[in-house]
Amino acid sequence: MHKRYYAGGVRAREESSGVSKQQPVYRAESFDRMLEYMVERTRDSISSGERKILGMTGPPGSGKSTVCRALGEVLGARAAIVEMDGFHLANSELTRLSRRDRKGAPDTFDVDGYVALLGRLREQDSEVVYAPRFDRGSEESVGSAVPIVRSTALIITEGNYLLCADGGWQCVRPVLDEVWYLDVAQNILTERLISRQRRYGKALADARAWTARVDLPNSNIVAGERDRADLVFVVPEDSNLYRG
């Protein structure tokens with residue numbers, strides 16, 4: 001069954017053929033309309049009462065953190081957010097491994113720890129499972145910072161490499177029920193990434209250099225896995241909300 005989505009999330013046509021499945025793409029006229037559709041889909045997914053794990057991915061700067069926060073605010077206690085960024089290796093370890101100058105690349109995370117946590121959340125039998133979070137101020141992960149109770153219906157996990165097919169990341173996708181991809185034009189991403197590095201205190205030249213040397217190559221890795229997503233959201237260009 002082929003599904004085509006257009007502005008407003010309206011399915012314009014469904015058709016069957018012998019070719020491979022067409023990837024659903026959602027285009028909304030505004031951030032609010034996109035969020036409304038996301039909430040509708042997540043509510044439907046948890047209506048059975050079974051725990052679901054939703055992955056939110058996209059290149060750096062695509063708005064993952066902002067979208068997840070907005071979803072979490074609407075869904076309340078029914079949802080919990082788990083950051084892939086909580087599994088950044090410590091800066092001291094990155095220095096030891098000579099990877100500190102490209103922090104954020106696929107091999108600068110504890111992917112095995114991330115997969116292990118997702119597995120625990122999939123089969124949660126204890127009352128509380130704790131997840132780490134990433135502190136942007138210190139640029140370090142904080143362990144056991146996010147309590148997730150057994151009654152939580154939806155886990156939303158967000159990060160760059162949920163769909164990557166090697167380096168240990170291939171173990172992530174099988175644990176997730178769906179993965180949504182946030183698609184943003186490359187020129188907009190570049191502007192956001194430079195602005196983000198400026199907010200972190202870098203001079204303009206340093207921000208541009210970091211973006212070119214680290215963020216954009218990572219973005220290309222993520223974009224290369226776009227076709228593996230269950231649903232692609234073309235992010236509206238009418239908002240300055242994105243920080244993720």
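The values are calculated or read from the model by the stated rules, or taken from the named source; none is laboratory data. What you see is a predicted model; the values in this text were computed from it and never measured. Cβ placement follows ideal geometry from the backbone for every residue including glycine, while neighbour counts extend to all protein chains displayed. Heavy atoms of the whole protein, side chains included, go into the accessibility calculation; ligands, DNA and RNA do not. Shrake-Rupley method; radii C 1.70, N 1.55, O 1.52, S 1.80 Å.
Things worth noting here:
- Site pair D227 and V39 shows an inter-label distance of 3.5 nm when each label is modelled 7 Å from Cα along Cα→Cβ.
- Net length available on complete extension from K103 to E178 is 24.3 nm, with 0.36 nm assigned per residue and the Cα-Cα distance removed.
- For segment 134-149, backbone phi angles converted through the Karplus equation (6.51, -1.76, 1.60; θ = phi - 60°) give residue-by-residue couplings of 9, 8, 5, x, 8, 6, 9, 7, 10, x, 6, 9, 10, x, 10, 7 Hz, Gly and Pro being listed as x.
- Taking Cα centre as origin and charging only the Cβ of basic (Lys, Arg, +1) and acidic (Asp, Glu, -1) residues, the dipole magnitude of segment 30-165 rounds to 120 debye.
- Compared with the rule-of-thumb size 2.2 N^0.38 Å for a compact globular protein, segment 35-114 has a Cα radius of gyration ratio of 1.36.
- Computed helical MRE - 222 nm, the chain, DSSP H runs ≥ 4 contributing -39500 (n - 2.57), nearest 500: -9000 deg cm²/dmol
- Cα-projected label distance for E140 with E123, points at 7 Å along beta-carbon direction, nm: 3.4 nm
- Accessible area in the full protein assembly, largest first, 1.4 Å probe, for D177, D166: D166, D177
- In Å², nearest 10: area of R136 left accessible to a 1.4 Å probe: 100 Å²
- Segment 118-244 pair-distance distribution - Cα-Cα, 10 Å bins, rounded %: 10, 32, 37, 18, 2
- ³J(HN,Hα), Karplus 6.51/-1.76/1.60, whole Hz, each residue of segment 176-188, x for Gly, Pro: 9, 7, 8, 10, 9, 10, 9, 9, 10, 4, 4, 5, 5
- Average accessible surface area per residue within segment 138-231, 1.4 Å rolling probe, Å²: 45 Å²
- Cα-based values for segment 156-200, radius of gyration first and Dmax second, are 13.7, 37 Å.
- Using the Cβ-Cβ distance between N187 and S47 with R0 set to 45 Å, the FRET efficiency works out to roughly 0.70.
- Linear extension gain, A165 paired with S30, 0.36 nm per residue minus alpha-carbon span: 45.4 nm
- Nitroxide proxy distance, nm - points 7 Å out along Cα→Cβ at K202 and A116: 3.2 nm
- Theoretical FRET efficiency, 1/(1+(r/R0)^6), r = Cβ-Cβ of A212 and R78, R0 41 Å, to 0.05: 0.50
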